[in-house]
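This report concerns only the one structure given below.
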Amino acid sequence: MIRRATPPETDPVVVDRRVRLDGLAHRALKVGRHRLMVAAGLFAVAYGVVGLRLIDVTLFNDGFEPPVARSAPLRHAQLARRDIVDRNGVLLATNLPTASLYADPKRVLDPADAASKLARALPGLSRATVLEKLASRRRFVWIKRNLAPRQQDAVNRLGLPGIAFQRAEERVYPQGRLFSHAVGFTDVDGRGLAGIEKTFDGALRGAAGDDAPPLRLTLDARIQYLLRAELARGMAAFRAKGAAGVVMDATGGAVRAMVSLPDFDPNRDRDGAARFNRVTLGAYEMGSTFKIFTLAMALDAGVVSLRDGYDAGKPLRVARFVIRDYKPAKGWLSVPEIFIESSNIGSAKMARDVGAKIQRAYLSRLGLLTAAEIELPEVATPLVPSPWRDIATMTVGYGHGIAVSPLQLTAAVAAVVNGGVFYPPTLIPREPGAPRVGWRAISARTSAKMRWLIKRVVEDGTGKKAAVPGYAVGGKTGTAEKPGRGGYRRKALISSFVAAFPIDEPRFVIFVMYDEPRGTKATSNFATGGWTAAPAVARIVARLGPLAGLPPSDAKQRTRVLDIAFKGGEGVAF
Amino acid sequence: MRGGSVVAAGIVIGGLVFGLFQIKLAVQDLEGRLATLDRALLKSETAIHVLRAEWAYLNRPKRLARLAARHLDLAPLAAGQIIATERMPASRPVATTFAALGPADGAPRP
């Protein structure tokens with residue numbers, strides 16, 4: 001731009017110093033000035049926009065940038081698998097961080113020396129195998145998985161090059177053998193292989209960590225313990241091959257304890273026959289405990305009444321079979337007597353009168369003809385007669401010719417005594433407020449009659465040894481010969497007892513079974529359910545009653561019971 | 001005036017630069033502390049997790065039963081030991097006056 005000089009004010013003499021140009025030169029100058037003006041204007045606009053944008057971004061920023069800077073969120077201890085806890089929050093399975101030892105053989109300087117040092121530092125590791133691994137041509141070999149902190153320290157002290165640790169996790173079962181079959185276990189890579197661990201493998205693996213809620217089961221460590229202790233004692237005393245036990249809520253189907261013996265330590269040895277879960281995967285001919293269902297369906301369908309009876313004096317011959325009684329009766333037995341004295345003949349006749357069709361309908365509603373719907377992969381399909389002939393109807397009437405799992409039997413008995421509603425057994429607690437899913441199997445009136453009848457069995461029938469001072473127990477014995485080659489084996493028994501208590505308003509249904517128990521001097525060499533399983537049930541009830549805070553039944557008028565407080569995990573039940 | 005405003009602007013800018021650096025350093029410091037705390041927290045969380053497992057292991061019912069049998073004169077509660085509060089034996093009448101308390105020498109009354 002050409003600057004026009006202004007005349008100095010101090011100078012009184014006006015001198016026009018402006019240069020005037022005319023013609024060509026004047027026009028050229030004018031064009032140049034205009035071009036400069038346009039260019040300057042464009043620049044001014046451009047800088048103005050940048051300036052405005054700068055103000056906009058710095059002062060009136062539009063949320064692209066948070067007004068307060070935040071650091072990265074706190075990382076919680078991330079574990080690859082969620083915990084499993086019992087109903088009271090007692091830890092049943094958890095992941096622990098460990099270190100796994102690996103080597104890069106190429107970087108190991110002296111494999112022989114390293115191998116002997118490692119074998120010395122880690123007992124249980126053979127020098128030969130380590131040497132073989134270190135001498136290999138691979139770039140990565142596991143030396144040992146899941147080292148204890150002390151072992152890790154010992155290896156670190158060796159200061160061997162080419163040997164390093166990788167953070168790993170190990171599934172640990174603090175309760176050891178107590179929950180071996182129910183909880184199951186995982187493989188070394190944390191994949192569920194059995195039990196709850198397998199059923200809920202996906203759910204347990206997703207979203208783990210200390211902020212992820214654990215998987216809660218209906219099982220109760222205390223009940224589980226006392227059931228297992230009792231079964232283990234009985235199994236040793238009767239030199240039985242195995243034992244099974246279930247404690248279930250009478251209403252709702254929640255399984256509180258589930259024990260199968262022999263069991264295994266999921267932290268160590270997981271292979272072999274002990275993995276077999278007798279409670280859910282074993283199907284057994286239960287014998288007389290089935291008479292509960294025969295009588296219940298006969299009463300419910302109106303086939304018999306409590307005043308009726310049958311002639312049980314003579315062995316019953318059907319086709320080529322003969323049905324006998326363990327203790328032959330004198331002759332005519334009333335319906336309650338047939339049940340209380342556990343007459344096979346009477347029950348078979350009752351089942352015959354009920355008929356195959358009604359029998360199957362009732363057994364189906366009691367969940368005895370299809371596999372139990374428990375949250376475990378190890379579930380037995382019941383063995384049912386096929387075809388269902390008349391003779392099958394009669395033998396099923398007293399528990400032969402049909403094999404079900406202990407869990408199925410327990411759930412069915414729960415339905416008979418709890419007012420007649422069948423609840424599928426479950427290991428997962430209901431969501432609070434969620435309705436109980438069950439269906440009516442028998443009427444409430446029949447259920448009341450059945451409660452009275454199985455109470456009589458303990459009061460003056462085959463189940464006297466299940467009586468407990470202070471608690472009214474009702475139950476039924478079951479003794480079945482195991483099938484073998486060419487018929488039943490007289491000395492190989494499945495002896496069981498199924499009980500409900502308190503019988504007037506059942507809270508728990510308990511099932512105890514011994515596989516091939518042998519009589520002892522204390523049992524006068526009897527190995528039947530009444531002599532082996534019934535006393536076990538009595539001892540379990542004697543412990544479970546106070547544990548559950550149940551008032552002793554000989555004082556029904558008492559309205560309040562001393563509170564029994566338990567310290568333990570959060571939200572203690574009962 | 002020109003020289004004055006330049007100096008003033010220089011002081012303002014210098015102050016801003018200094019302040020900005022101070023804040024930046026303080027933030028770096030705090031972030032370092034936060035990271036340390038986070039690490040410590042994570043370590044504690046892991047330790048708590050391990051200790052919870054150990055707690056569960058040491059509180060196995062079997063072990064507790066063994067310890068109780070060895071160290072305590074206690075047996076599992078029996079049904080007969082549970083009674084209702086109404087059935088509790090009535091407590092002795094409570095003294096309501098000073099006279100009823102007897103001599104003030106603190107000697108226990110029979």
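No lab work stands behind these numbers, since they all come straight from the coordinates. Just so you know, these numbers come straight off a predicted model, no measurement behind them. Using ideal geometry, Cβ is built from the backbone for each residue, glycine included, and neighbour counts are taken over all protein chains shown.
Remarks
- Here the sum of -39500 (n - 2.57) over DSSP H runs of 4 or more residues, divided by the residues of chain A, equals -10000 deg cm²/dmol at 222 nm, to the nearest 500.
- The 3J(HN,Hα) values that the Karplus relation (6.51, -1.76, 1.60; θ = phi - 60°) gives for segment A:297-308 are, in residue order, 6, 5, 5, 5, 7, x, 6, 10, 10, 5, 8, 6 Hz. Gly and Pro appear as x.
- Charge sum, other residues only, whose C-beta stays under 10 Å from residue A:341's C-beta, Lys/Arg counted +1 and Asp/Glu -1: -2
- Net charge of Cβ neighbours under 11 Å - reference residue A:447; Lys, Arg +1; Asp, Glu -1: +3
- Computed from backbone phi, the HN-Hα couplings of segment B:20-32 come to 4, 4, 4, 4, 4, 5, 4, 5, 4, 4, 4, 5, x Hz, rounded to whole numbers (Karplus: 6.51 cos²θ - 1.76 cosθ + 1.60, θ = phi - 60°; Gly and Pro given as x).
- Positive contributions from Lys and Arg (+1) and negative ones from Asp and Glu (-1), summed over other residues with Cβ under 11 Å from the Cβ of residue A:191, come out at 0.
- Under 5 Å between amide hydrogens, built in the peptide plane, is the criterion, and for residue A:170 it picks out A:96, A:98 among residues at least 5 positions away or on other chains.
- Sequence-distant contacts, meaning Cα pairs under 8 Å at least 6 residues apart, place the relative contact order of chain A at 13 percent.
- Phi-derived couplings, Karplus 6.51 cos²θ - 1.76 cosθ + 1.60 at θ = phi - 60°, listed residue by residue for segment A:466-476: 8, 5, 10, x, x, 10, 8, 10, x, x, 9 Hz, with x used for Gly and Pro.
- Placed amide H near residue A:92: partners under 5 Å, 5+ positions off or other chain: A:84, A:85, A:86
- For segment A:131-178, the set of trypsin sites (Lys or Arg not before Pro) satisfying both a DSSP loop assignment and a count of at most 15 other C-beta atoms within 10 Å is given as A:137, A:138, A:139.
- For residue A:472, the residues 5 or more places off, or on other chains, whose built amide H falls under 5 Å of its own are A:503, A:553.
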